[in-house]
Ligand SMILES: NC(=O)c1ccc[n+]([C@@H]2O[C@H](COP(=O)([O-])OP(=O)(O)OC[C@H]3O[C@@H](n4cnc5c(N)ncnc54)[C@H](OP(=O)(O)O)[C@@H]3O)[C@@H](O)[C@H]2O)c1
């Protein structure tokens, strides 16, 4: 009998990729909050607000998952802590009570970005944004509620079907619909959404506990990321201007490069760098 996989944030970008990849391999339950999903696949779609611990407990108890992948979050707003931090704690508590394997999605912006090299799993969070602080708090709450959970730190997630938010933004600049600049001094290790989804499903079948970096193999600036993808999609990136994060009025993490060496030795899934993904995509 197929294992039962519950994905919080099934209507999100990563949640959608996980559902596509897991379809047919797992019995899937996926939650939504504000976007009623299209019932295209045989999936249980409970509405769920992770701010409500009792609702989380009931949703998971009804579905009886073997595995939980927690992607639901918000990046801004008055309920940032309630959703992104405490909501993660509620999901971890409910998963632990049911004896379910849990993967929690964290982020590279839990770091201040002042590092010259890459961050490893042993590096402790030192966030400089409200979002980074909420994700760092979530890591602590998840680890306390569910010590066997895997806490996956990842980077910017991009993809083509559908196109991700960052790429959409770059395409709008390239088309002349907006005039923003992309930072040439802000570095990340962006990961292709299908590589990330595959790595997460592989990790779900392991008993790895604690922090694991899962990001792309190549460190690039936001400017490189935008221009390279726009060109690969067949558009002219000439209108995309480079800006400096150093000139930004708010302090932003500059270098959040993640060292994913441990994940590469643990998992078979290839965590490709940006240029590698784009080159393989253009092959006939
Ligand atoms: N995207 C990136 O570049 C990136 C980078 C690093 C880390 N991450 C991490 O990866 C994970 C997934 O990111 P994503 O970009 O795929 O997310 P996303 O597309 O923004 O989707 C967020 C999901 O969370 C749900 N949600 C929001 N508030 C909720 C609440 N109160 N209760 C329950 N569900 C709620 C949304 O549901 P509705 O849409 O139905 O309202 C949606 O399904 C997040 O944990 C994020 O921190 C993402």
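The values are calculated or read from the model by the stated rules, or taken from the named source; none is laboratory data. Remember, predicted model here, so these are calculated numbers, not experimental data. Here Cβ is always computed from backbone atoms with ideal geometry, including for glycine, and neighbour counts include all displayed protein chains.
Table for the structure above
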| quantity | calculated |
| --- | --- |
| Residue satisfying all of: in the range 45-63; over 14 Å from residue 95 (Cα atoms) and either surrounded by fewer than 16 Cβ atoms within 10 Å (Cβ to Cβ) or outside the structural domain of residue 106 (by TED's automatic domain parsing) (or both); nearest to the ligand (Cβ to nearest atom) among these | 51 |
| Residue count, the range 109-131 (criterion: in contact with a strand residue (DSSP E or B) (Cβ under 6 Å, 6 or more places away or on another chain) and either part of a helix (DSSP H, G or I) or within 15 Å of the ligand (Cβ to nearest atom) (or both)) | 3 |
| Of all residues in the range 151-167 being more than 10 Å from the chain's Cα centre (by Cα) and assigned to a loop (DSSP other than H, G, I, E, B), the one that is farthest from the ligand (Cβ to nearest atom) | 161 |
| Scope the range 220-229; condition surrounded by 21 or more Cβ atoms within 10 Å (Cβ to Cβ) and in contact with a strand residue (DSSP E or B) (Cβ under 6 Å, 6 or more places away or on another chain); matching residues | 222, 223, 226 |
| Test: residue in the range 64-75 that is over 16 Å from residue 105 (Cβ atoms) and surrounded by fewer than 21 Cβ atoms within 10 Å (Cβ to Cβ) | yes |
| Flag for residue 90 being within 11 Å of the ligand (Cβ to nearest atom), under 16 Å from the mean Cα position of the chain (by Cα) and buried (at least 17 other Cβ atoms within 10 Å of the Cβ) | no |
| Restricting the range 11-30 to residues that are near the ligand (Cβ under 6 Å from one of its atoms) and touching a strand residue (DSSP E or B) at 6+ places or on another chain (Cβ under 8 Å), the residue that is nearest to residue 52 (Cα to Cα) | 11 |
| Single residue of 251, 272, 281 found to be exposed (fewer than 15 other Cβ atoms within 10 Å of the Cβ) and under 28 Å from residue 202 (Cβ atoms) | 281 |
| Residue 2 being in a loop (DSSP other than H, G, I, E, B) and either crowded, with 17+ Cβ neighbours inside 10 Å or in contact (Cβ under 8 Å) with a residue 24 or more places away in the chain (or both) | yes |
